[in-house]
Amino acid sequence: MSRDIKYIGMDMHKEAIVIAVLNGSGKLVMESIVETKASSILQFMRKHKAAKLLRQIPCIGPIRAARLIALMQTPHRFRSKRQLWTYSGLGIETHDSAQYRYVRGQLQRSQKPQQIRGLNQNHNHEMKEIFKGAATRASCGSTISTRLCWPRE
């Protein structure tokens, strides 16, 4: 593929996955339909560069990587990892109030730390489910990747 590829879109259905690749001017470069059988998804994901990166995360296999790519559409839509976390429902919500106060007539910054309110509520529920499933699997299982990341003492 050339460098002027702008968008790679995947739409997943029960019977098939539709893949469309557009160039910088919006012209359709390639369109493909892949059956949702595990063997055809594995064959397609072997060629995908983003899938290779996602599979480095513990317990993200080829099926979860395919679902993430389909939901994410293109990784270039996120300028930073924090934007991806927020979109996935893993961004931390904080609340800050009364940053400044008057002490003896002088305005001073308050010493109160920000309060953590939890994870953000507006997110892509399917992506959060994928990441939560991978985290649950990594924490419960005794796979090789789990033992490499979190050795037991």
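Out of all the residues in the range 28-44, which are among the β-branched types (Val, Ile, Thr) and either in contact with a Leu (Cβ under 8 Å, 6 or more places away or on another chain) or in contact (Cβ under 8 Å) with a residue 40 or more places away in the chain (or both)? Spell out how you get there, then give the answer.
Of the range 28-44, the ones among the β-branched types (Val, Ile, Thr) are 29, 33-34, 36, 41.
Listed by number, the list holds a single entry, 29.
Working only within the range 40-71, note down all residues that are surrounded by fewer than 17 Cβ atoms within 10 Å (Cβ to Cβ) and more than 27 Å from residue 140 (Cβ to Cβ).
Matches in the range 40-71: 40, 43, 46, 47, 49.
Take the conditions touching a residue at least 40 places away in the same chain (Cβ under 8 Å), among the small types (Gly, Ala, Ser) and surrounded by 13 or more Cβ atoms within 10 Å (Cβ to Cβ) and apply them to residue 88. Does it pass?
For residue 88, the condition - touching a residue at least 40 places away in the same chain (Cβ under 8 Å), among the small types (Gly, Ala, Ser) and surrounded by 13 or more Cβ atoms within 10 Å (Cβ to Cβ) - is met.
Does at least one position in the range 24-39 carry a residue that is surrounded by 14 or more Cβ atoms within 10 Å (Cβ to Cβ), farther than 17 Å from residue 74 by Cβ and at pLDDT below 75? Show your work before the answer.
Keep residues of the range 24-39 that are surrounded by 14 or more Cβ atoms within 10 Å (Cβ to Cβ), which gives 29, 34, 36.
Of the ones still in play, those that are also farther than 17 Å from residue 74 by Cβ are 34, 36.
Those left that are additionally at pLDDT below 75: 34, 36.
Yes: the range 24-39 contains one or more residues that are surrounded by 14 or more Cβ atoms within 10 Å (Cβ to Cβ), farther than 17 Å from residue 74 by Cβ and at pLDDT below 75.
Which one of 44, 78, 131 is more than 14 Å from the chain's Cα centre (by Cα) and aromatic (Phe, Trp, Tyr)?
Numbers: 78 fails: more than 14 Å from the chain's Cα centre (by Cα); 131 fails: more than 14 Å from the chain's Cα centre (by Cα).
So the residue among 44, 78, 131 that is more than 14 Å from the chain's Cα centre (by Cα) and aromatic (Phe, Trp, Tyr) is 44.
Any residue in the range 45-71 that is closer than 16 Å to residue 18 by Cα sitting within a Cβ distance under 6 Å of a residue that is assigned to a loop (DSSP other than H, G, I, E, B) and modelled with pLDDT of 85 or more? List the pairs, counting only those 6 or more apart or interchain.
From the range 45-71, the pairs are 65/55.
The values are calculated or read from the model by the stated rules, or taken from the named source; none is laboratory data. Remember, predicted model here, so these are calculated numbers, not experimental data. Counting neighbours? That spans all protein chains shown, and the Cβs are built from the backbone with ideal geometry, glycine included.
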